[in-house]
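Engineer: Take a look at this one; I'll ask things after.
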Amino acid sequence: MQTNIEIETPTPSHDPLALFASWYSAVERSGDPHVDTMYLATATSDGLPSLRAVLYKGVSAGRIRFFTSYDGRKATELTANPRAALLFCWRAVERQVRIEGRVEKLDPAESDAYFAMRPRESQLGAIVSPQSREIAGLADLETRLAEVAVSHEGRAVPRPASWGGYGVVPDRWEMWIGRMARLHERYAYVRDGDRWRFTMLAP
Ligand SMILES: Cc1cc2nc3c(=O)[nH]c(=O)nc-3n(C[C@H](O)[C@H](O)[C@H](O)COP(=O)(O)O)c2cc1C
């Protein structure tokens, strides 16, 4: 599909993070309801990969943010091997962004600030769900949810220590633009000390 939305073409003088922000807002303005769906790949220390969707939660200090359990499978893999790959695939506008880099836990204060903005149901859910563990069914979790709703009634829900944010510090970006005749455009920005090396890649 060719689109008529205004989206900048990557150039050597672009900062990839600023370019990403510009693409993101263009896709958001185009009305894509899933603009914030981001795929996150992690791997064990032996290099066995795993992949899942998470929600993109903006950028802070140059890091791409997402929030999750600190006890689940992705967290266990990130502790053993703190590197990740991210993918945004915006099919409606034929754009793709790939990001690779080191992963850091956000400061507790940053996770607290984000947690405080979440809907109460989600806050309570973060307390009761042992993410990625085997469960017999949802009934126990629903009972626990009802219990914590009562025990926290009338007061703010504190962020559990087992839940918070991560930030990916990019050292490689790739911006992909789909073209009709399959000669798609691919541009890479690879960190080289304190600058970015810009290249074009064959599709
Ligand atoms: C569209 C979409 C968005 C999601 N966003 C998040 C998210 O922001 N954080 C999260 O922990 N899980 C999110 N999930 C659930 C994850 O895909 C995954 O099931 C969960 O994080 C457990 O992954 P893990 O076992 O690899 O740790 C989302 C799922 C979908 C389909």
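Readers should treat all values here as calculations from the given coordinates under stated rules, not as data from a laboratory. Worth saying up front: this structure is predicted, and the values here are computed from it rather than measured.
Engineer: Measuring from the lowest to the highest alpha carbon on each principal axis, how far does the chain reach, largest first, in angstroms?
Structural biologist: Here the spans come out as 58, 38, 32 Å, largest first.
Engineer: Calculate the radius of gyration of the Cα atoms of region 100-165 to one decimal place, then report Dmax, the largest Cα-Cα distance, as a whole number, both in Å.
Structural biologist: Rg, Dmax (Cα atoms, Å): 13.6, 43.
Engineer: Round to a whole angstrom and tell me the spacing of the C-alpha centers of region 122-145 and region 155-203.
Structural biologist: Spelled out, the Cα-based centre of one part sits 32 Å from the other.
Engineer: With springs only between Cα atoms under 10 Å apart, run a GNM on the chain and tell me which of 18, 188, 75 wobbles the most.
Structural biologist: 18
Engineer: Okay, moving on. What whole-number value in cubic angstrom gives the convex hull volume per residue for the C-alpha atoms of region 1-53?
Structural biologist: Dividing the Cα hull volume of region 1-53 by its residues yields 139 Å³.
Engineer: Please pull out the direction-averaged projected area of region 68-187, using the convex hull of its alpha-carbon atoms, in nm² to one decimal place.
Structural biologist: If I average the Cα hull's projected area over directions, I get 10.4 nm².
Engineer: Something else: Which of 52, 172, 73 moves most in a GNM of the chain, Cα contacts under 10 Å?
Structural biologist: In this elastic network of the chain, the residue with the biggest mean-square fluctuation among 52, 172, 73 is 52.
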